Amino acid sequence: MVSARVWRPRRGVRYWRDAGRRDVSASPRSQMAATIGRLKRRADFLRVAGTGRKCAMRGLVLQIAPIPADTKLASHCDLRIGFTVTKRVGNAVVRNRARRRLRAAASKVFPTGALAGFDYVLIARHSTPIRAYQDLVADMEAALMRLNPKWPERSSEPDSAAKPNQT
């Protein structure tokens, strides 16, 4: 007689859905970076598109609008991001790839470069799924720089130091 191992949740876990989750609020990284929420309701997307500013780049379009004071989530997160990929970009596989690439680039750029108190909407374009990742990140940084007056300026010293003088 062989008995199979039965899955049991970890101790202290009340529901099975909570078994794999960790408490991320205690991590030092979450204390340093801005708390990022997600835009999920259509009304929020329409509000950002109607009342905010936008910047179109080759790989994406970025829209920004302040979070309204009456929003319940305004106290829980510093900023919120929404992603839009329409059928014009391609079929479902291409759209999912574009969405994943936008999420990855946003997770790299937004914690340090985005302003708190704003909603951001990233809209994919035809070139988003095929554009080089570094170019996509550069597009996102450039769009944030245009829409954010407090963007930290980068010095061009490393580029000029790498090239020897031709005298």
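Worth a mention:
- Of all the listed residues (Val89, Val94, Val109), the sole one being surrounded by 13 or more Cβ atoms within 10 Å (Cβ to Cβ), β-branched (Val, Ile, Thr) and either in a loop (DSSP other than H, G, I, E, B) or in contact with a Lys or Arg (Cβ under 7 Å, 6 or more places away or on another chain) (or both) is Val89.
- Single residue of the stretch 51-86 satisfying the filter (of a type in the set (Ser, Thr, Tyr) and outside any helix (DSSP H, G or I)) that is modelled with the lowest pLDDT: Thr71
- Residue ID - nearest to Met140 (Cα to Cα), chosen from residues in the stretch 65-74 that are under 19 Å from the mean Cα position of the chain (by Cα) and surrounded by fewer than 18 Cβ atoms within 10 Å (Cβ to Cβ): Pro66
- Only one of Leu115, Leu62 that is under 16 Å from the mean Cα position of the chain (by Cα), of a type outside the set (Asp, Glu) and either exposed (fewer than 14 other Cβ atoms within 10 Å of the Cβ) or closer than 18 Å to Thr35 by Cβ (or both): Leu115
- Residues of the stretch 105-125 that turn out to be modelled with pLDDT under 90 and touching an Asp or Glu at 6+ places or on another chain (Cβ under 8 Å), as a count: 3
- A single entry from Val94, Val89, Val109 fulfils the requirement of being touching a residue at least 40 places away in the same chain (Cβ under 8 Å) and of a type in the set (A, V, I, L, M, F, W, C): Val89.
The values are calculated or read from the model by the stated rules, or taken from the named source; none is laboratory data. Remember, it's a predicted structure, so these values are computed and weren't measured experimentally. We place every Cβ from the backbone using ideal geometry, glycine too, and count neighbours over all the protein chains shown.
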